[in-house]
Structures are given as C-alpha cells and as structure tokens.
Amino acid sequence: LHKGVHTTAKTDTILDIDRMRVGQEVSARWLHLASSLFMEVVVDGNKAADAESVNSFLQVLRWRLSDSISKSEFSELYKVWIGPEQAMLGGLSAPMTRADMRALLSHTAEGEMFMMLGLLIREHNMTILSRGKSPEWIKYVEQLFWMMDSTGRGFVTQDDMFFLLIAIMGVENVIGLPESNLFNEVYQLMNEFNPTHGVITLRHFKTYFERNGLDEASLVK
C-alpha cells in the first residue's frame, strides 16, 4: 500500500466541516461515519497515507465484508497498514484529507460504512485483549460509549460529555456547580480523552479507561 507524506492537519473540527457539507445528497450520519473512518484509517491508523493508498485499504475492508479474505488475512493486512514502518514508504503524493475520504466513500452506503468501522473496532479490541483486558471490560466500555453516541456517529462530542460528568461526579454535585465551573469541568474531562479534531472516537474512549486502570466493577457503578 503506497503512502504519502504527512503534513500538519487543519484545526477545523469535524462538526464544523460536516455542517457545511450537509445537503440533500447525503445525510448527516453519512458525513459523521465518513469522518469516523477518516480518524480510524488515517489519523489513528496511518498518518502518512495518501488518497490512493487509503482507497486501496478501503478495498481491503470491502474484501473482508464480502468474505473474500479471512479474519486472519485481514488482521495481517491491518497490521501492515498501521505499522510504524509505513510512514517511511513511498512517496510524493498529497496527504489524505477528510474531503478526500468523503470523495472515496461517495458511493458507499451508511450501512457498509458502519460495518467497515466495526471491522476496525474489532481489530483494536483484539489489541486490548492482548494487553490483558477481558471481553466483559470491552463490552462495558462500548455500552457506555454507544449510550453517549446514541445516533451511531462513531464519536462523542463535548455536549455528550455532560452525561459522563454526571456519572462520575453524581447528579447532585453537577447541579450545584456554577455554569462557568460546569463548562470548565466538561472541558477538562474532554481533554483527558485526547480528542481528535474536537471529538472523541471509540478508540480514544477505550484508551482513557484502559490508561486509568478502570476495571469492570468500576464501569458497572
């Protein structure tokens, strides 16, 4: 898979760009899923990738969805894709952008994009399991994430973090906070998750809970 040269990403948030692109031809959820795939495949996958190589990797995802390749074959190709050596391969094509990803996915339905995202989530889960976490831990973290991301965008926003803040601090403590303090608490909590372009992906959501050593018992509470 050929790789391009990485440059500094723009600071526009995912939501700002998606609002500009919402129109009759695609839904807001389609745009959100395209953004989620961009973050998984490029930002947290291979920052050196150009549009040509990303298109090749999207084809690999489609091969797996159609059972043209096995789980193990896909896992090996995924490891190649995210491997640190890929940043040094190939080279002078323009770096991948979110607009490029939307163009590459222009003929891809929401359902297929959601399944592509599911394949990438599964691969990340396998890595988490190899580090000693249990399937139950993954289940609880994912349940919490999807409760916050009830529309299935593939990420949560600062507004969604109020739910988690209430769960952590207790509703009685949150209600008693002055508005300025409340927004500051949410902002600080958001930053602890290492947001990508202003939103938190499932990958970063899991990383936060794994880094802080929260076990199943803590998550159930």
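The values are calculated or read from the model by the stated rules, or taken from the named source; none is laboratory data. Just so it is clear, the model here is predicted, and its values are computed rather than measured. Neighbour counts are summed over all protein chains in view; Cβ atoms, including those assigned to glycine, are modelled from backbone coordinates with ideal geometry. For accessibility, only protein heavy atoms count, side chains too; no ligands or nucleic acids. Shrake-Rupley method; radii C 1.70, N 1.55, O 1.52, S 1.80 Å.
With each pseudo-label sitting 7 Å past Cα toward Cβ, what's the SER150-TRP63 distance in nm, one decimal?
Inter-label distance under the simple model: 4.1 nm.
Hey, what did segment 101-221 get for relative contact order, percent, Cα under 8 Å, at least 6 apart?
30
Given a Förster radius of 35 Å and the C-beta distance between ILE82 and GLN188 as r, what FRET efficiency does 1/(1 + (r/R0)^6) yield to the nearest 0.05?
Efficiency computed from Cβ-Cβ geometry: 0.75.
Would you mind telling me the share, in percent, of accessible area of segment 120-215 contributed by carbon and sulfur at probe 1.4 angstrom? Don't jump to the answer; show the numbers that get you there.
Working: 2580 of 4820 Å².
Exposed carbon and sulfur together represent 54 percent of the surface.
Quick query: amide H of THR196 versus all other amide H atoms, modeled in the peptide plane; which residues come in under 5 Å with a sequence gap of 5 or more or a different chain?
THR201
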